[in-house]
Structures are given as structure tokens and as C-alpha cells.
Amino acid sequence: QSDKGMQPNLKEGVLALLENGKGQDISGSEMAERLHVSRNAIWKAIKQLKEEGYQIEAATNRGYCLHSDNNIVSAQGIYKYLTVDIPGIEVHKTTVSTNTILREKAEENSPEGTVVIAEEQTGGRGRMGRVFFSPAETGLYMSILLRPQLAVSEALNITTCAAVAVAEAIEMNTGIEAQIKWVNDIYCGNKKVCGILTEASFDMENMGINYAILGIGINVFQPRNAFPDEIRDVADALLNKEDNHEDFRNRLAAQVLNRFMKYYDNINDRKLLEEYKRRSLLLGREINILSKEGTQKATALDIDEQFRLKVLMQDGTTKFLSSGEVSV
Ligand code: BTN
């Protein structure tokens, strides 16, 4: 085995061994033997991982050890917690938008379930043409490729599955109650901690969906320089950076995937609507319906089977909203 050009998955192999024995020493020769390469190749892979930010300690005669408080997002780190089948996870240090990368992969026939994650997005996209603030190492910016057998009219179900899955995963990992603000924002304590953007390619001839890119952005740690002015009053993060939450983002990513895939497999199940409604931030409350024409006050009454929001207007009429912006 030549050490000159490293075999493409050697770095992942070394990382997998270190991850599995996190906090413990593992010798270079043991890794070399298990991965069928030279010790020099192992050393090179370790060097690359360190350059990527992994805290790996090397001690003479003892070998290498991955710090247990390592907080880097990695495919291996996520696979450890996965209970569902995910064909591939790609983690980028920085990219414009994970949705854009995954769309290219979709066009190249990547399989359903392919995941792209970034530590930072320079052009993170939100709904309605907005920017999604995605600073380095503070969030979980993740896109999942789906090839659903759904009618165009059912595309919204993908987003609602994701909203319920994210809310459950947040609660499981933090103990903080997570609510869904129709249509698909996740709120903790009256502030937004996650946004979801599904972008789909439609097959107009058959009124079906070719593929959908489900993009999930979760504010995990408070950003170093605070949130930008425009969102400071509405946005929040789940944790403080100073807290040592070992492997938090890897676990959260895996749990979002575990839960999402479960709902996605039974996407037309009524249970989804019930869970969605149970977690609604809006039902029973006075809301503002925002539109180009201005703001109208209403009461949120219900969410129907097409995930439309039923509202009681001030003039006594009821309306069903199928998209748009509301605030509380
Ligand atoms: C919103 O709040 O309006 C939706 C935000 C969606 C953000 C996620 S982060 C991962 C994926 N890539 C993007 O560019 N956007 C989504």
C-alpha cells in the first residue's frame, strides 16, 4: 500500500476507530493493521483530521486518542447514533447552501436518504427568499434527499414530518419543550430555534414529485457575535457554547434522521397530524396574519388534514390558510 496518495476513505476509517474508542488510546500500529495500511498512512490521516479541527492527542508509546469533548460534526459521529438506514452523509466545513449541493447530487441520481451537512453556510436559504443565518460551528445545517411517491398536493407533509421529528429530537436531547409554529418553524420558549425549507422538483406530467430536498437549520449554540439585528428578537439557540455537550450535534442530527424517517415511512398516517397539532404554538391564540396588504388579526382555531391553518377573522368569518406568514 502506497502512502503517497491516501486511499479516499482512509481518513473516515481512522476516524471511525477513534470515535469508537473515544477518550481511549489506540496505537498507530493497531489502526494500521485493522485498516490494512502502513503506520505512515495512519499518521497522515491523523494529521489531516487535526487540520480539520479534530482534537486528537498523540502520546509516544500509547498511540492516538480523540478527545471525548470533541464537538465536531462528522459522518462517523452521526452513524454511531443512527437506527435507520442512511446511504451516505457528507459533511462540509463551509458551503453556500447544503440544499444547493444536494440538488446537484439529486440530479446526478444520488439515492434517497443521502444527507449533506455543513459547519457553515455562506448563503443559507430560508423561506420566502430570506437568508438563513448560518455561522460556523454553532448550528446544524442539514439537507436530506427524498424521492417520495407523493402527489404534488401532499408535498407539505414532508415538511410537517420534519417539524415533528425535529421538535421531538430537540426535546429528547435538551429536555426543553419544543413547539411548532405553523407552518414549519420550531420554537423553544417563544423564540425560533429552527427553520425548515423543502425545495422540490415536480413532475408536472404526472402531478408527482421527482425529488425533494428537505433542508433543516437548527441554531444549536449561541453565535459568537450574537444574532443579527433583524432576527435578534425572534431567534434563539438551544445551548450556550461554554457548556460542554459532548457530541451534541452528532446525536441531534442522528435523532432528527431517526425520527424523521419513521414518520416519512408512514407519511399519510393520522398520528402525524395529531402530534403536529399537539405541539402547535398557535392553536387557540390570537395571531397576526401578515400579507402584502398589511396585518390582520385572527384567532387560530385548528389545523386540517392538509395542514391548513383554520382561523377565525375579526369579522366572524373563518378562513383556511395554506401558506404564508403569521406571528403571535
Ligand atoms: C426558514 O427558517 O425560513 C427556513 C430555513 C432553512 C435553513 C436550512 S439550513 C440547511 C438548508 N440549507 C439552506 O440553505 N437552507 C436549509
*Can you pull out the residues in segment 153-172 that are more than 16 Å from the ligand (Cβ to nearest atom) and surrounded by fewer than 20 Cβ atoms within 10 Å (Cβ to Cβ)?*
SER153, GLU154, GLU171, MET172
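Return a yes/no flag: does segment 221-244 have any residue that is in a strand (DSSP E or B), surrounded by fewer than 17 Cβ atoms within 10 Å (Cβ to Cβ), modelled with pLDDT under 95 and hydrophobic (A, V, I, L, M, F, W, C). Outline the logic, then answer.
Filtering segment 221-244 down to residues in a strand (DSSP E or B) leaves 221, 235, 239.
Applying the additional criterion that residues be surrounded by fewer than 17 Cβ atoms within 10 Å (Cβ to Cβ) yields none.
The answer is no; no qualifying residue exists.
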*Give segment 116-134 a look and list any residue that's among the polar types (S, T, N, Q) and assigned to a strand (DSSP E or B), or say none.*
GLN121
*Within the bounds of segment 186-200, is there any residue that is touching a strand residue (DSSP E or B) at 6+ places or on another chain (Cβ under 7 Å), within 17 Å of ARG251 (Cβ to Cβ) and either in a helix (DSSP H, G or I) or hydroxyl-bearing (Ser, Thr, Tyr) (or both)?*
no
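For ILE213, are the conditions met, namely being within 10 Å of the ligand (Cβ to nearest atom) and in contact (Cβ under 8 Å) with a residue 60 or more places away in the chain?
Numbers: within 10 Å of the ligand (Cβ to nearest atom): yes; in contact (Cβ under 8 Å) with a residue 60 or more places away in the chain: yes.
Yes: the conditions hold for ILE213.
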*Conditions (1) at negative phi; (2) without any contact (Cβ under 8 Å) to a residue 12 or more places away in the chain; (3) not aromatic (Phe, Trp, Tyr); number of the one not met by GLY175*: (1)
*asked:* Looking at GLU137 and the list (1) assigned to a loop (DSSP other than H, G, I, E, B); (2) at negative phi; (3) touching an Asp or Glu at 6+ places or on another chain (Cβ under 7 Å), which single condition is not satisfied?
replied: (2)
*asked:* Looking at (1) in a helix (DSSP H, G or I); (2) within 22 Å of the chain's Cα centre (by Cα), which one does TYR81 not meet, given that it meets all the others?
replied: (1)
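Here is a yes/no grid of residues against (1) modelled with pLDDT of 85 or more; (2) surrounded by 15 or more Cβ atoms within 10 Å (Cβ to Cβ); (3) not assigned by TED's automatic domain parsing to the domain that holds GLU112:
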position	(1), (2), (3)
TRP43	yes, yes, yes
GLU52	no, no, yes
LEU82	yes, yes, no
ILE86	yes, yes, no
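Within segment 293-309, does at least one residue satisfy the condition of being exposed (fewer than 14 other Cβ atoms within 10 Å of the Cβ), in a loop (DSSP other than H, G, I, E, B) and hydrophobic (A, V, I, L, M, F, W, C)? Quick ask: steps written out before the conclusion?
The initial filter retains those residues of segment 293-309 that are exposed (fewer than 14 other Cβ atoms within 10 Å of the Cβ), namely 293-295, 297, 304-306.
Narrowing the set further to residues that are in a loop (DSSP other than H, G, I, E, B) leaves 293, 304-306.
Subset that is hydrophobic (A, V, I, L, M, F, W, C): none.
No; the residues of segment 293-309 include none that is exposed (fewer than 14 other Cβ atoms within 10 Å of the Cβ), in a loop (DSSP other than H, G, I, E, B) and hydrophobic (A, V, I, L, M, F, W, C).
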*Looking at GLY113, GLY139, GLY123, which is the one that is small (Gly, Ala, Ser), within 15 Å of the ligand (Cβ to nearest atom) and more than 23 Å from ASN71 (Cα to Cα)?*
GLY123
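Return yes when GLU112 is in the same structural domain as ARG259 (by TED's automatic domain parsing), at pLDDT 95 or above and within 24 Å of GLN255 (Cβ to Cβ) and no when it is not. Explain how you work it out, then say what you get.
Details: in the same structural domain as ARG259 (by TED's automatic domain parsing): yes; at pLDDT 95 or above: yes; within 24 Å of GLN255 (Cβ to Cβ): yes.
It is true that GLU112 is in the same structural domain as ARG259 (by TED's automatic domain parsing), at pLDDT 95 or above and within 24 Å of GLN255 (Cβ to Cβ).
The values are calculated or read from the model by the stated rules, or taken from the named source; none is laboratory data. Quick caveat, the model's predicted, so the values are computed rather than measured. Don't worry about glycine lacking a Cβ; one is built from the backbone with ideal geometry, like all the others, and counts go over all protein chains shown.
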